[in-house]
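K.L.:
Here it is, the structure, as structure tokens.
The values are calculated or read from the model by the stated rules, or taken from the named source; none is laboratory data. Bear in mind the structure is a predicted one, so any value in this text is a computation, not a measurement. Positions of Cβ are backbone-derived with ideal geometry, glycine not excepted, and every protein chain shown enters the neighbour counts.
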Amino acid sequence: MGRNSSVVLLCAVRTNDPAADDRESPVDDGRPREFVQSLDRGLAVIRSFSAENRELTLSEVAQHSGLTRAAARRFLLTLEELDYVGSNGRHFFLKPKVLDLAYAYLSSFSATQIAQSHLEDLSARLQESCSMSVLDGGDIVHTAQAATNRIMTIGMSVGRRLPAFATSMGRVLLAALPPEELDARLANYERPKLTPRTVTDEEELRQVLATVRKRGWALLDQELEEGVRSVAAPVRDASGRVVAAINVSAHASRVSAAKLRKEFLPELLATADSISRVLAAHR
């Protein structure tokens, strides 16, 4: 066999290698050698879908995920075969099996299970919606909720992401970070003006977080959404580390900021303490 023929055969073997997509990424892209690029791309396809993008064409998935059409098609067909994605011919959409991925996290995060009944009791007493969140990058992610029948513009469903800097729970969680980690978060994430009241200036936000750190709770007055107020408190593990935050949200037309502080805050702090004590004992 000639040299050229050997090269062609070698290329063919490598191209058809089923494990090719699972090989580690090159070291020159700043990622570790163990980084599996195909997994990253598959997750990017899943993340392409959202409340605003429930159904997407192949081209739209490619655009949102940053993949070529050919690569996006391979990942979509694989996810469809695994029953995570469905299609109606032209459009693709997520299927309920995707919830298994979230359930794996929620079921392993004992604070979620511990907090649920406490949040339901708190919501029943105050007749307002209560939630628990954890910090993920520049966002908070809701991991538990107890909603009343009152309608809020911003959905409080489990898995909902909101910008940490403009939420009461996010400020509690940001205030608990070590200084160097807080610096990195503030430097790497945008802070858009969501309402005329939203604090976006870094120095002003740092002052707000310092107050939250000193008080041990955060009150937000219509910075995330006009007409919505909330107050949040930290949930701690056995070591005293803040692992989550809980809050009470209410419409400004019903509940004043003063009422949040005087009536809701003591109940919220007591509930956060109860969850923390049970969590510590559980650990």
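K.L.:
I need the full set of residues from the range 217-231 which are buried (at least 24 other Cβ atoms within 10 Å of the Cβ) and small (Gly, Ala, Ser), in order please.
P.N.:
Those that are buried (at least 24 other Cβ atoms within 10 Å of the Cβ) and small (Gly, Ala, Ser): Ala218, Ser230.
K.L.:
Of (1) surrounded by 19 or more Cβ atoms within 10 Å (Cβ to Cβ); (2) assigned to a helix (DSSP H, G or I); (3) modelled with pLDDT under 95, Leu268 satisfies all except one. Which?
P.N.:
(3)
K.L.:
Residues that are at pLDDT 90 or above: list the helices (runs of 4 or more DSSP H) wholly contained in the range 58-165 that include at least 1 such residues.
P.N.:
58-65, 69-81, 110-126
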